[in-house]
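See structure below.
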Amino acid sequence: NTGEHNLKFVCYKEFDDPQEPVLPGIFRNGKTLPLARVVAVAEALAPKGLSVPDDIALVLGRLPGYAGAVRDLERARVLDKLWQEAGVTAMAPLPSPHRILAIGRNYGEHAKEMDNEVPDEPIVFQKASTSVIGDGRPIVLPSNVGRVDFEGELAVVIGTAGRNVSEAEALSLVAGYTLINDVTARDEQKRAIGKSLPWFLSKSYDTFGPLGPYLVTPDEIPDPQNVQLTLSVNGEVRQQANTSEMIFSIPFLISYLS
């Protein structure tokens, strides 16, 4: 992170139990701060009209307000006793995103690696939201799935709705950034492409979307078009890329998708 405050938004459970609610929080230096505590203290000291919605996705549009509240409380030195040790179960920062829209072959080197032509317009596909798992959770390979590949990607998280958005205003819709491993059943994908079928199935098996572990606010990444991505398998670096190498830029893609 390049920002001064390094605010990392997370989702977590206090106990590793399917029945436990998923809670939003802030993570720093090995400790988790429940967002509900930030709201309670901020509202008590200086009402800001904040709340913690039941639907975690609704937090996104209000991230600037939460970030501002945290920084105000830090300056007032009242947050020190609110942090709790990170003995909680980390979840994906967006456990159930509404949609995962992805762009295929958006790096020229990757297109060449797969013996594909560099596209002249974005190739848009979706991953099922049910593929999402938290950082460190196991990726489960279905039987007879064949070759499975990793694809480390920058995930751009939209917090404000928009339609027919211009490139100039596109980044104003972004709530933050995180990471996703676009796990792909490559043999299944090639079979689908050979029959002119969508890629959805090859991208959407359960656990094929490790996400996170953190969501950082846009001020932490002032230039999303210059982010170095590194992916390792069992400690061995297997993939390196920079978002500056994208064929279609992030503002262009947000505008295009809108």
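The values are calculated or read from the model by the stated rules, or taken from the named source; none is laboratory data. As the structure is a computational prediction, the values presented were derived from the model and not from experiment. Here the Cβ is made from the backbone with ideal geometry for all residues, glycine too, and neighbour counts use every protein chain on show. Areas reflect the complete protein model, heavy atoms only, side chains present, ligands, DNA and RNA absent. Shrake-Rupley method; radii C 1.70, N 1.55, O 1.52, S 1.80 Å.
Filter the stretch 163-173 for residues that are small (Gly, Ala, Ser) and open to solvent by 70 Å² or more (accessible area, probe 1.4 Å); which is nearest to GLY209 (Cα to Cα)? Among residues in the stretch 163-173 that are small (Gly, Ala, Ser) and open to solvent by 70 Å² or more (accessible area, probe 1.4 Å), the one nearest to GLY209 (Cα to Cα) is SER172. Scanning the stretch 224-258 for residues that are in a loop (DSSP other than H, G, I, E, B) and hydroxyl-bearing (Ser, Thr, Tyr), we see that the one that is surrounded by the most Cβ atoms within 10 Å (Cβ to Cβ) is SER249.
Residue-by-condition table, conditions (1) in a strand (DSSP E or B); (2) within 15 Å of the chain's Cα centre (by Cα); (3) exposed (fewer than 15 other Cβ atoms within 10 Å of the Cβ); (4) at pLDDT 95 or above:
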{"position": "GLU109", "(1), (2), (3), (4)": "no, no, yes, no"}
{"position": "ASP115", "(1), (2), (3), (4)": "no, no, yes, no"}
{"position": "GLY136", "(1), (2), (3), (4)": "no, yes, yes, no"}
{"position": "SER143", "(1), (2), (3), (4)": "no, no, yes, no"}
{"position": "ALA161", "(1), (2), (3), (4)": "no, no, yes, no"}
{"position": "ALA175", "(1), (2), (3), (4)": "yes, yes, no, no"}
{"position": "GLU188", "(1), (2), (3), (4)": "no, no, no, yes"}
{"position": "ASP206", "(1), (2), (3), (4)": "no, no, yes, yes"}
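Scanning the stretch 208-223 for residues that are open to solvent by 70 Å² or more (accessible area, probe 1.4 Å) and free of Cβ contacts under 8 Å to residues at least 60 places away in the same chain turns up just one, ASP223.
So which of ARG163, ARG191, ARG238 is free of Cβ contacts under 8 Å to residues at least 40 places away in the same chain and among the charged types (D, E, K, R)? Walk me through it before giving the result.
Details: ARG163 fails: free of Cβ contacts under 8 Å to residues at least 40 places away in the same chain; ARG238 fails: free of Cβ contacts under 8 Å to residues at least 40 places away in the same chain.
The conditions single out ARG191.
For PRO210, indicate whether it is in a loop (DSSP other than H, G, I, E, B) and either modelled with pLDDT under 95 or within 22 Å of PHE27 (Cα to Cα) (or both). So PRO210 does not fit the description; no.
The criterion of being within 21 Å of the chain's Cα centre (by Cα) and under 25 Å from PRO251 (Cα atoms) does not hold for ALA90. Name the residue that is modelled with the lowest pLDDT, counting only residues in the stretch 52-95 that are part of a loop (DSSP other than H, G, I, E, B) and surrounded by fewer than 14 Cβ atoms within 10 Å (Cβ to Cβ). Result: GLY87.
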